[in-house]
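Asker: One structure, pasted below without further comment.
Each value in this text was obtained by applying a stated rule to the coordinates, not by laboratory testing. Computed from a predicted model, the values in this text were never measured in an experiment. Cβ coordinates were reconstructed from backbone atoms using ideal geometry, including for glycine residues, and neighbour counts include every protein chain displayed.
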Amino acid sequence: MNILVMGKEDRLKHYTEEAVWSGHRLTFVDAQAAPEEIMRCGHDAEVLLIDAMGTFSAEEMDAMPRLRLIHSEGVGFQGVDTAAAKERNIYVCNCKGANASAVAEQTLLLMLACLRNTVNCHEAVLAGRQITVKENYMKTGSIRELSDCVIGFIGFGDIARKAAALAAAFGAKCCYYDLFRAPAELEAGAEKLPLEEVLAKADIISLHLPVTAETKDFANAGFFEKAKDGTILINTARGELVDTDALIKAMQSGKIAMAGLDCIAGEPVKSDNPLLQAPEEIKNRLILSPHIAGITGSSFARSYGIFWSNVDRLSKGERPDCVVNGL
């Protein structure tokens with residue numbers, strides 16, 4: 001099968017046995033290549049494997065008349081014109097659930113790091129201020145345990161459910177907002193509530209929504225205004241869910257005490273990003289990671305396993321799994 005890969009050749013071959021990929025004709029193009037280059041390289045492609053952050057338009061689909069499957073390398077697919085693909089009878093699939101455990105772990109890591117202010121504490125020890133910081137925490141009693149907190153999950157899909165189960169093991173109380181109720185056996189004791197109630201109750205708000213026209217800047221000024229004073233914000237989903245200016249203002253006002261962010265609007269993040277240009281008193285209350293929550297070796301292995309399974313299903317004339325565009 002002719003497969004166009006908008007991504008890294010070494011990554012695909014690292015996570016796939018040669019016996020699997022050698023049976024196909026693979027063409028590689030940079031994920032950030034111009035559309036003209038992508039269309040030229042993929043003119044006879046039957047399958048497209050696209051970076052989870054990549055984009056693919058109707059025009060590009062029309063330049064690939066043999067295309068039958070567009071497959072995200074990960075869970076995200078917001079850059080693909082799914083409606084156009086459906087019109088052309090092209091499946092769009094993702095690797096649903098493949099990185100759920102990995103991202104859930106990072107979610108808990110950021111929660112705990114914010115509660116313990118680990119970055120500033122680390123720097124204090126390096127600066128020889130260990131006793132000063134320790135005695136201040138002992139005096140104020142301001143370090144909270146996860147079991148002291150109510151965690152509100154915004155979106156309650158695979159990742160949030162796993163994170164809620166982990167948090168419940170720590171003794172945290174969990175609630176969630178989602179358009180749909182999760183199966184009872186997957187709720188991990190979390191209570192489904194309206195958005196306003198989640199924001200009013202939660203000590204920690206954790207974002208787990210896909211980016212769509214409706215969810216872009218979901219965490220905006222009105223969102224933060226409904227939160228408790230001193231709330232911790234966690235985002236391991238997509239940076240575009242958060243209105244950066246509104247977040248900065250919410251941190252300045254004290255609505256948001258700390259933010260643990262694996263992703264920031266405007267990736268790749270450069271030094272002139274508004275969040276990185278914020279006053280020091282804001283930056284000192286940020287714990288950042290470079291969008292690595294879902295890229296463990298195990299999650300990549302699971303993702304490529306889903307992809308190659310779907311290529312096999314397609315070659316047999318079967319419907320692939322994890323179809324996201326309604327075909």
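Asker: Do the conditions hold for L186, that is, is it under 25 Å from K96 (Cβ atoms) and out of contact with any Leu (no Cβ under 6 Å at 6 or more places or on another chain)? Quick ask: steps written out before the conclusion?
Answerer: Working: under 25 Å from K96 (Cβ atoms): yes; out of contact with any Leu (no Cβ under 6 Å at 6 or more places or on another chain): yes.
For L186, the condition - under 25 Å from K96 (Cβ atoms) and out of contact with any Leu (no Cβ under 6 Å at 6 or more places or on another chain) - is met.
Asker: Moving on. Considering only residues of segment 265-280 that are among the acidic types (D, E) and in a loop (DSSP other than H, G, I, E, B), which is surrounded by the fewest Cβ atoms within 10 Å (Cβ to Cβ)?
Answerer: Here the residue is D272.
Asker: Now for a different question. Between residues in segment 199-227 that are within 19 Å of M111 (Cβ to Cβ) and residues that are in a loop (DSSP other than H, G, I, E, B) and β-branched (V, I, T), which pairs lie under 8 Å by C-beta distance while being six or more apart or on different chains?
Answerer: Close Cβ pairs satisfying both conditions: S206/T236; L207/T236; H208/T236; L209/T215.
Asker: Looking for something out of contact with any Phe, Trp or Tyr (no Cβ under 6 Å at 6 or more places or on another chain), closer than 22 Å to R238 by Cα, surrounded by 17 or more Cβ atoms within 10 Å (Cβ to Cβ) and not aliphatic (A, V, I, L, M) - is there at least one such residue anywhere in segment 176-193?
Answerer: yes
Asker: Just to check your reading of the model, which residue among G97, G74 is in contact with a Ser or Thr (Cβ under 7 Å, 6 or more places away or on another chain) and either among the aromatic types (F, W, Y) or touching a residue at least 12 places away in the same chain (Cβ under 8 Å) (or both)?
Answerer: When all the criteria are applied, what remains is G74.
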